[in-house]
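Beneath this line is the structure, given in structure tokens, with notes to follow.
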Amino acid sequence: MSDGASSGRPGAGRPERTVWSLVAWAVAIVTWLGGLWIIKDLGGRTAVTGGMLLLVVALAALGIAVAGHAYGPDAEGPLDLSTRLGVGVLGGALGGLAAIAALWILGVVRIPDLLGVALGNHIQATQWLVGAWNGAIWGLLLGVAYPLVPGRGPMTRSVLFGLVPALWTLLRVLPSRGLGVFGVHLGSLAFLIVVFLNLVWGLMTGGCLTWAESSDLAPVDRLPGEA
């Protein structure tokens, strides 16, 4: 791995480059969340302008963070950046659909009722589309952040990363819909269903990344006929 990393880009494995990459990741995350919060919660032309500037800073920091890592199959192995992005989006979309399917099955067998969680048993068509879209976005983010996620393989990393959208849903999405932190207005055990659905997402996405890593076509982002 050390030989591959040295062949990716000059100096890519130096400690100071790693430190600056971590700093850039932190700046990207903080400014992105800050920009979204300003635009959504403060409102007004000035707030929107300031929020957009923060989002631009976040994108610039993200570029620096990604550039701080050695990339390409020679440096990263089969799961190089382009493979992680492509398969992450695909696996994330499939994971989103799998999570909606799991939610439907839970409703059919009345698990939410047993847990005292007020969830409807009917899944609307738009929920499948939204689930696939959200899953693809989180899969893309997983592809970018993959080197920073703890774990020994794609499956473990994907499952652990699945805690991020779970926390986002519990701490941001549900409260914004008037359902309370951790969805307490749906029921005190609503968080268990949210975590379970994101576990399903992580397993599906991790399965796709595992296939990409072990496939005879790896790295799977090669052009047809490319050696």
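Among residues of the range 133-147 that are assigned to a helix (DSSP H, G or I), those with a beta-carbon under 7 Å from a residue that is charged (D, E, K, R) at least six positions away or on a different chain give the pairs 143/84; 146/84; 146/157. Determine whether residue 151 is surrounded by fewer than 15 Cβ atoms within 10 Å (Cβ to Cβ) and either in the same structural domain as residue 36 (by TED's automatic domain parsing) or closer than 26 Å to residue 29 by Cα (or both). So residue 151 fits the description; yes.
The rows are residues; the columns are (1) buried (at least 18 other Cβ atoms within 10 Å of the Cβ); (2) within 22 Å of the chain's Cα centre (by Cα); (3) part of a helix (DSSP H, G or I).
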position: 79; (1), (2), (3): yes, yes, no
position: 91; (1), (2), (3): yes, yes, yes
position: 94; (1), (2), (3): yes, yes, yes
position: 98; (1), (2), (3): yes, yes, yes
position: 113; (1), (2), (3): no, no, yes
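Note on the range 115-145: among residues that are farther than 22 Å from residue 25 by Cβ and aromatic (Phe, Trp, Tyr), the one that is surrounded by the fewest Cβ atoms within 10 Å (Cβ to Cβ) is 133.
Per-residue answers, yes or no, for (1) assigned by TED's automatic domain parsing to the domain that holds residue 175; (2) surrounded by 15 or more Cβ atoms within 10 Å (Cβ to Cβ); (3) aliphatic (A, V, I, L, M); (4) at pLDDT below 85:
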{"site": "17", "(1), (2), (3), (4)": "no, yes, no, yes"}
{"site": "30", "(1), (2), (3), (4)": "no, no, yes, no"}
{"site": "49", "(1), (2), (3), (4)": "no, no, no, no"}
{"site": "57", "(1), (2), (3), (4)": "no, yes, yes, no"}
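Cβ separations smaller than 7 Å between residues 6+ apart or across chains give the following pairs from the range 18-41 residues that are within 11 Å of residue 148 (Cβ to Cβ) to residues that are assigned to a helix (DSSP H, G or I): 21/65; 25/65; 25/148. Given the condition modelled with pLDDT under 90 and in the same structural domain as residue 213 (by TED's automatic domain parsing), answer yes or no: does some residue in the range 92-105 qualify? Within the range 92-105 (the criterion being modelled with pLDDT under 90 and in the same structural domain as residue 213 (by TED's automatic domain parsing)), the answer is no, since none of the residues qualifies. Checking the stated criteria, residue 222 turns out not to satisfy the condition of being modelled with pLDDT under 90, surrounded by fewer than 20 Cβ atoms within 10 Å (Cβ to Cβ), in a helix (DSSP H, G or I) and not polar (S, T, N, Q). Counting only residues that are surrounded by 16 or more Cβ atoms within 10 Å (Cβ to Cβ) and in a helix (DSSP H, G or I), the range 177-191 holds 4 of them.
If the condition is being in contact with a Phe, Trp or Tyr (Cβ under 7 Å, 6 or more places away or on another chain) and farther than 19 Å from residue 86 by Cα, then the range 116-161 contributes only 123.
The values are calculated or read from the model by the stated rules, or taken from the named source; none is laboratory data. Note that this is a predicted model, so its numbers are computed, not measured. Heads up, the Cβs are rebuilt from the backbone with ideal geometry, glycines too, and the neighbour counts pull from every protein chain shown.
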